[in-house]
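Undergrad: Once you've had a glance at the structure underneath, I'll fire off some questions.
The values are calculated or read from the model by the stated rules, or taken from the named source; none is laboratory data. Quick caveat: nothing in here was measured; it's all calculated off a predicted structure. Here the Cβ positions follow ideal geometry from the backbone for every residue, glycine too, while neighbour counts run over all protein chains shown. For the accessible areas, the whole protein counts, side chains as well, though only heavy atoms, and no ligand, DNA or RNA atoms are used. Shrake-Rupley method; radii C 1.70, N 1.55, O 1.52, S 1.80 Å.
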Amino acid sequence: MIFGERYENDKNTKESREHPCSLFCFEKISQRKGKQMEEEFKVIDNYLMIRMPNEIDHHHSSSISKTADEYIMDEKVGNVVFDFERTTFMDSSGIGIIVGRYKKISCFGGKVFAINADNRIRRILLLSGLHKIVEIM
(Lines give C-alpha, C1' and ligand atoms only; values in the text may rest on other atoms or scores of the structure.)
Protein backbone atom coordinates (compact mmCIF):
# COMPACT_ATOMS: atom_id res chain seq x y z
CA MET A 1 0.00 0.00 0.00
CA ILE A 2 1.44 3.36 -1.01
CA PHE A 3 0.65 5.12 2.27
CA GLY A 4 2.77 2.77 4.36
CA GLU A 5 5.81 3.42 2.23
CA ARG A 6 8.17 6.29 2.73
CA TYR A 7 8.68 8.42 -0.34
CA GLU A 8 12.07 9.80 0.59
CA ASN A 9 13.81 7.85 -2.17
CA ASP A 10 16.68 9.67 -3.77
CA LYS A 11 16.29 10.10 -7.51
CA ASN A 12 19.36 7.93 -8.04
CA THR A 13 18.09 4.88 -6.16
CA LYS A 14 17.29 1.69 -7.98
CA GLU A 15 13.59 1.83 -7.00
CA SER A 16 13.18 5.30 -8.49
CA ARG A 17 14.90 4.41 -11.76
CA GLU A 18 12.77 1.30 -12.21
CA HIS A 19 9.46 3.13 -11.98
CA PRO A 20 8.68 4.61 -15.41
CA CYS A 21 7.30 7.87 -14.04
CA SER A 22 9.77 8.47 -11.22
CA LEU A 23 12.83 9.66 -13.09
CA PHE A 24 10.77 11.88 -15.38
CA CYS A 25 8.88 13.37 -12.45
CA PHE A 26 12.01 13.99 -10.38
CA GLU A 27 13.76 15.68 -13.29
CA LYS A 28 10.74 17.81 -14.08
CA ILE A 29 10.34 18.77 -10.42
CA SER A 30 14.01 19.70 -10.14
CA GLN A 31 13.91 21.84 -13.25
CA ARG A 32 10.68 23.58 -12.29
CA LYS A 33 10.93 24.04 -8.53
CA GLY A 34 14.48 23.44 -7.32
CA LYS A 35 15.73 21.23 -4.51
CA GLN A 36 13.45 22.59 -1.77
CA MET A 37 10.24 21.94 -3.70
CA GLU A 38 11.52 18.52 -4.73
CA GLU A 39 11.41 17.57 -1.07
CA GLU A 40 7.92 18.97 -0.47
CA PHE A 41 6.04 17.81 -3.59
CA LYS A 42 6.49 14.45 -5.30
CA VAL A 43 4.47 12.56 -7.85
CA ILE A 44 4.42 8.83 -7.21
CA ASP A 45 2.30 6.70 -9.51
CA ASN A 46 -1.04 8.50 -9.62
CA TYR A 47 -0.55 10.36 -6.33
CA LEU A 48 0.68 13.86 -5.57
CA MET A 49 2.43 13.59 -2.22
CA ILE A 50 2.60 16.91 -0.36
CA ARG A 51 4.78 17.07 2.72
CA MET A 52 3.19 19.81 4.79
CA PRO A 53 5.44 22.27 6.67
CA ASN A 54 5.88 22.54 10.42
CA GLU A 55 3.38 25.40 10.62
CA ILE A 56 0.51 25.83 8.19
CA ASP A 57 -0.81 29.36 8.28
CA HIS A 58 -1.63 32.17 5.87
CA HIS A 59 2.09 32.71 5.20
CA HIS A 60 2.42 29.26 3.59
CA SER A 61 -1.06 28.55 2.28
CA SER A 62 -1.01 30.43 -1.01
CA SER A 63 2.32 28.97 -2.16
CA ILE A 64 1.30 25.43 -1.18
CA SER A 65 -2.05 25.78 -2.98
CA LYS A 66 -0.52 27.29 -6.10
CA THR A 67 2.23 24.68 -6.38
CA ALA A 68 -0.18 21.81 -5.69
CA ASP A 69 -2.53 23.09 -8.40
CA GLU A 70 0.36 23.24 -10.88
CA TYR A 71 1.23 19.62 -10.14
CA ILE A 72 -2.41 18.51 -10.38
CA MET A 73 -2.78 20.10 -13.80
CA ASP A 74 0.72 19.49 -15.24
CA GLU A 75 1.26 15.94 -14.01
CA LYS A 76 -2.42 14.93 -14.31
CA VAL A 77 -2.37 13.15 -10.95
CA GLY A 78 -5.50 11.38 -9.79
CA ASN A 79 -5.16 11.69 -6.02
CA VAL A 80 -3.59 14.00 -3.46
CA VAL A 81 -1.93 12.88 -0.23
CA PHE A 82 -1.15 15.42 2.49
CA ASP A 83 1.61 14.23 4.83
CA PHE A 84 1.37 15.93 8.23
CA GLU A 85 4.37 14.16 9.77
CA ARG A 86 6.22 17.43 10.51
CA THR A 87 3.16 19.59 11.17
CA THR A 88 2.61 20.88 14.69
CA PHE A 89 0.31 23.85 13.94
CA MET A 90 -2.48 24.38 11.43
CA ASP A 91 -5.05 27.16 11.30
CA SER A 92 -8.05 27.65 9.01
CA SER A 93 -5.80 28.36 6.02
CA GLY A 94 -4.69 24.72 6.20
CA ILE A 95 -8.30 23.67 5.98
CA GLY A 96 -8.61 25.93 2.93
CA ILE A 97 -5.63 24.24 1.28
CA ILE A 98 -7.23 20.83 1.70
CA VAL A 99 -10.74 21.91 0.62
CA GLY A 100 -9.37 23.69 -2.45
CA ARG A 101 -7.37 20.65 -3.58
CA TYR A 102 -10.38 18.42 -2.89
CA LYS A 103 -12.58 20.56 -5.13
CA LYS A 104 -10.00 20.48 -7.89
CA ILE A 105 -9.13 16.76 -7.74
CA SER A 106 -12.70 15.52 -7.20
CA CYS A 107 -13.68 17.02 -10.56
CA PHE A 108 -11.45 14.34 -12.09
CA GLY A 109 -12.78 11.58 -9.82
CA GLY A 110 -9.77 11.72 -7.51
CA LYS A 111 -9.49 11.42 -3.75
CA VAL A 112 -7.68 13.30 -1.01
CA PHE A 113 -5.87 11.58 1.84
CA ALA A 114 -4.26 12.79 5.07
CA ILE A 115 -1.48 10.71 6.57
CA ASN A 116 0.74 10.96 9.66
CA ALA A 117 -1.53 13.46 11.42
CA ASP A 118 -0.86 13.72 15.13
CA ASN A 119 -3.73 14.02 17.61
CA ARG A 120 -3.88 17.82 17.33
CA ILE A 121 -4.05 17.87 13.52
CA ARG A 122 -6.43 14.89 13.46
CA ARG A 123 -8.76 16.76 15.84
CA ILE A 124 -8.75 19.82 13.54
CA LEU A 125 -9.60 17.60 10.58
CA LEU A 126 -12.46 15.97 12.47
CA LEU A 127 -13.90 19.16 14.01
CA SER A 128 -13.82 20.96 10.67
CA GLY A 129 -15.74 18.14 9.00
CA LEU A 130 -12.92 17.34 6.59
CA HIS A 131 -13.14 13.68 7.55
CA LYS A 132 -16.26 13.58 5.33
CA ILE A 133 -14.26 14.36 2.19
CA VAL A 134 -10.71 13.34 3.16
CA GLU A 135 -9.61 9.84 4.11
CA ILE A 136 -7.57 10.18 7.30
CA MET A 137 -5.03 7.44 7.76
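Undergrad: If we keep just the residues of region 89-103 that are in contact with a Leu (Cβ under 9 Å, 6 or more places away or on another chain) and either of a type in the set (D, E, K, R) or open to solvent by 20 Å² or more (accessible area, probe 1.4 Å) (or both), which is nearest to Ile124 (Cα to Cα)?
TA: Ile95
Undergrad: Among the residues of region 112-129, which ones are among the hydrophobic types (A, V, I, L, M, F, W, C), open to solvent by less than 80 Å² (accessible area, probe 1.4 Å) and farther than 15 Å from Ser93 by Cα?
TA: Result: Val112, Phe113, Ala114, Ile115, Ala117.
Undergrad: All but one of (1) open to solvent by 70 Å² or more (accessible area, probe 1.4 Å); (2) at pLDDT 95 or above; (3) assigned to a helix (DSSP H, G or I) hold for Arg86; state the number of the condition that does not hold.
TA: Only one criterion is unmet by Arg86, namely (3).
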